[in-house]
1. When the chain is treated as a GNM, springs tying every alpha-carbon pair under 10 Å, which of Gly234, Gly198, Gly75 comes out with the largest mean-square fluctuation?
2. Under 5 Å between amide H atoms, partner at least 5 residues away or on a different chain: which partners does Gly8 have, H built in plane at 1.01 Å?
3. Pop out the ³J(HN,Hα) list for segment 102-110 in order, Karplus 6.51 cos²θ - 1.76 cosθ + 1.60 with θ = phi - 60°, rounded to Hz; leave Gly and Pro as x.
4. Does segment 93-249 classify as rounded, prolate or oblate by the C-alpha gyration tensor (a ≥ b ≥ c root eigenvalues; a/c under 1.5 gives rounded; else a/b over b/c gives prolate, otherwise oblate)?
5. From the Cα gyration tensor of segment 1-112, with a ≥ b ≥ c the square roots of its eigenvalues, which class applies: rounded if a/c is under 1.5, or else prolate if a/b is larger than b/c, or else oblate?
6. Obtain the nm distance between the two label points defined at Glu175 and Asn247 by a simple spin-label model: each point lies 7 Å from its Cα along the Cα-to-C-beta direction.
7. Which residues does the label zone of Lys3 cover in segment 182-217, counting backbone N under 14 Å from a point 7 Å along Cα→Cβ?
8. Work out from phi, with θ = phi - 60° and the Karplus expression 6.51 cos²θ - 1.76 cosθ + 1.60, the ³J(HN,Hα) of each residue of segment 129-140, listed in order in whole Hz, and give x for Gly and Pro.
Amino acid sequence: MRKQIVAGNWKMNNDLAQTETLISSLKAQVKTSNAEVMIAPTATNLWHAYNSTKNAGIEVIAQNMHFAENGAYTGEISAAMLKSIGINTVILGHSERREYFNETDETLAKKVDAALAKGMRIIFCFGEELADRKSGNEENVVGDQIKKALFHLSAADFQNIVLAYEPVWAIGTGETATAEQAQDMHAFIRKTLADKYGNDIAEDVSILYGGSVKPANAEEIFSKPDVDGGLIGGAALNAEDFFGIVNAF
Ligand SMILES: O=C[C@H](O)COP(=O)(O)O
């Protein structure tokens, strides 16, 4: 069943004290919503965030994980480690991970497998760069990213997959895809899934949009039929802005 989701990706922001402050502000704003609400603090603050949001209607999720179960991977965190502190959802494939940490479709496929093997839910990110859009190649790029990292999965695996379309040119730039551009790409993504897995699976997968979503543009973007929510960066660092977006549903 397709869900509406608004997830705040805090990226490398907020130390422990700032995390406590922002979570208190978020808890003060939470009310019954049509959307599932998630926050992704940095790894050092996951355990604290998990404990301070229990029963608050906010799921704490991770920004990344390694594909190995354990071993000599200095600085990395495994799915089992996340699960052991109550984290059941992980963002994978964010464009910043692809760009600055050389994550490829191949390593992402392994991360996807590792997360699913531990029963985790995945928010899988992808999106084209500005040059791809300017050359009219955005659907090829996005289609390839999805196929290479996800098309080895079974139809049943998609119960634990949420997709997040994030055009790289719209991330942190203040430049947003128009609601029509988002809808067109989301419809293409759903068709790509339907061609491989059938309509029922494609209709059930939630597809989020990410890239400079703000309270002022969220309602229009979320009103589109194939947009099921947002992955929010900058605006997730302010409780009022974040809930301005959540309440756009
Ligand atoms: O993960 C979130 C996205 O990168 C969007 O970030 P942004 O809302 O700051 O553009």
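Every read-out reported here was derived from the displayed coordinates using simple, explicitly stated rules and does not represent laboratory data. Remember, predicted model here, so these are calculated numbers, not experimental data. FYI the Cβ positions are ideal-geometry reconstructions off the backbone, even for glycines, and counts take in every protein chain you see.
1. Of Gly234, Gly198, Gly75, the Gaussian network model singles out Gly75 as fluctuating most.
2. Amide H neighbours of Gly8: Met38, Ile39, Ala40, Ile232.
3. Result, ordered by residue: 6, 6, 10, 4, 5, 5, 5, 4, 5 Hz.
4. Numbers: a/c = 1.41, a/b = 1.35, b/c = 1.04.
The shape class here is rounded.
5. Values: a/c = 1.88, a/b = 1.54, b/c = 1.22.
Prolate, because a/c is 1.5 or more and a/b exceeds b/c.
6. Modelled inter-label distance: 3.2 nm.
7. 204-208
8. 8, 4, 4, 5, 5, 5, 8, x, 9, 5, 5, 4
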